[in-house]
Each structure stands twice: as structure tokens, then as C-alpha cells.
Amino acid sequence: MNKTDHNRLFNEIISDLSKNTASGLNINEPDTALRANTVKPKLLLHACCAPCASICMDRVRDHFDTTVYFFNPNITILEEYEYRLAELRRLIDIYNEMDGRGKIDILEGEYDPDIFFTMAKGYEECPERGARCHLCYEMRLKASLITAESLGATYYATTLTLSPLKDAAVLNEIGYGLAQDLKSSVKWLPSDFKKEDGYKKSIELSKKYGLYRQNYCGCLYSRQDH
Ligand code: SF4
């Protein structure tokens, strides 16, 4: 059975958006001005940390009016949570200071690790990529979808597909499924951000901007595995 290529689907959507946009533009305008001034569909991009967001934001920011959504109650240690959020804010500030490219907003979701622990009950011993992680993806994507709706976004997506430790096929299935089950007006933006050397580029960008790169996923259980 052929596996769906979610990176190809992502590129097709970007390409269609670019064509629609290009048809209404003045070709004499400088490219950077085009990027900044064109009306773009709104995207809520769920993000887990600055290193993963680095290349994902780079790939979406010229095509979407992007709000990064930091909803990660799975990061069970408060100091770790705050540090990852602070690094993400710092990176977005850096990106927003770059000339001519779309401004990125950031929104913090509710932080309460009990949300995670309640969800993970009975799944504490699951290995990473197992059932607990699938529930964790769903918890974060569902909150992202509801928030995307409240913002009037056209699309929602997640940076989680960047990580080689995350199952992009499962993430995309959940993303599509939630939009369908909730009869949402918001569409899932498919992705597999690790493709096109995405993961390698995220490491390079992390070095470039001196980003903190954690060595575990987020929850207490993933920390114990290291
Ligand atoms: S390992 Fe990561 S994805 Fe899995 S449950 Fe823990 S925080 Fe969530």
C-alpha cells in the first residue's frame, strides 16, 4: 500500500496558494513587499519548542498569516516549560525583525500538567511513539483546532511532524480526523516537516540562533528514558 506523502501535499497547498496570490499582484513590486503585503490565509501552528519551530516557521511564514500556539501541558516540569516558551518567543522576535517577511504572532495555551497526567493515566509505561504519545498528540491538536476556530483560522498544523521520534503519519491522521469529527471550518494543513532535510536544517538554525535544544520530549516519562 502506498504511504501518503504529506510533504508533497503540503507543497501542493503552498503552490496553489502562491498561484492564487500571484494572480492578484503587481509584478513590479519587490518580492519582499509582495510577501509582506499580500492577504494570506490564517494558520495556527502548534509548536512544541523553538528548535522544531525554527524550520517549520521558515516554511510557512511567507504563505500564511501565522500564529504560533504553545500548548504543551505535557512538559511537566515548570522550569523546562518556561524555558522552552521563552526560547520560542526569542526566536519569533528574531524572525519578526527580519526584513520583508511575514510577522509571526504567538499565543500561549493553558498550562496545567494535570491535564497531561489525567490523560496519561494507565499509559505511564508506554514507550515513546506508543499509545501514550498518540493520546498526547491528540490532546494538543484538539486544543489547537479549537483555538484555531476561535481565531477564525483557515488551517491548523503542528511542528511535531519535524521530529524523527514522532510518527508523522499518525499526527496527520489525527489532524484530519479531528477536523472531520468536530465538523470544523478549520482545515488540517498536512505536513512532514522532517522531509527536505527539515530536521537537519532545524539543527543548523538552532546553532545559528543559539537555541536551547532539550534532550527529551517533554513529559516525566520521556525524561526518565534518558
Ligand atoms: S514522550 Fe512526548 S509525545 Fe509522548 S507522551 Fe511524553 S511528552 Fe507526549
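FYI, it's all coordinate maths here, none of it is from the lab. Quantities reported herein were computed from a predicted structural model and do not represent experimental measurements. As a convention, Cβ positions derive from the backbone with ideal geometry for all residues, glycine included, and neighbour counts pool all protein chains shown.
Among the residues of segment 205-221, the one identified as within 16 Å of the ligand (Cβ to nearest atom) and under 16 Å from Ile55 (Cβ atoms) is Arg213.
For Arg89, indicate whether it is more than 15 Å from the ligand (Cβ to nearest atom), in a loop (DSSP other than H, G, I, E, B) and on the phi < 0 side of the Ramachandran plot. Taking the combined requirement at face value, the residue does not satisfy it. In summary, Cys126 fulfils each of the numbered conditions (1) closer than 30 Å to Arg8 by Cα; (2) more than 18 Å from the chain's Cα centre (by Cα) with the single exception of condition (1). Looking across segment 152-169, just one residue is surrounded by fewer than 17 Cβ atoms within 10 Å (Cβ to Cβ) and within 15 Å of Thr66 (Cβ to Cβ), and that is Gly152. Being under 15 Å from Cys217 (Cβ atoms), within 16 Å of the ligand (Cβ to nearest atom) and assigned to a helix (DSSP H, G or I) is the requirement here; does Pro51 meet it? The answer is yes for Pro51. If you go through segment 68-80 and keep only what is over 15 Å from Ser202 (Cβ atoms) and crowded, with 19+ Cβ neighbours inside 10 Å, you end up with Tyr69, Phe70, Phe71, Asn72, Pro73, Asn74, Ile75, Thr76. Selection over segment 189-204 of residues that are in contact (Cβ under 8 Å) with a residue 12 or more places away in the chain, among the acidic types (Asp, Glu) and in a helix (DSSP H, G or I) gives a count of 0. Looking across segment 93-127, the residues that are buried (at least 18 other Cβ atoms within 10 Å of the Cβ) and more than 11 Å from the ligand (Cβ to nearest atom) come down to Tyr95, Gly102, Ile104, Ile106. Only one of the listed residues (Gly210, Gly130) is farther than 24 Å from Asp62 by Cα and surrounded by fewer than 17 Cβ atoms within 10 Å (Cβ to Cβ). That residue is Gly130.
Residues that are over 15 Å from Asn74 (Cα atoms), touching a Lys or Arg at 6+ places or on another chain (Cβ under 9 Å), assigned to a helix (DSSP H, G or I) and touching a residue at least 60 places away in the same chain (Cβ under 8 Å) do occur in segment 133-154.
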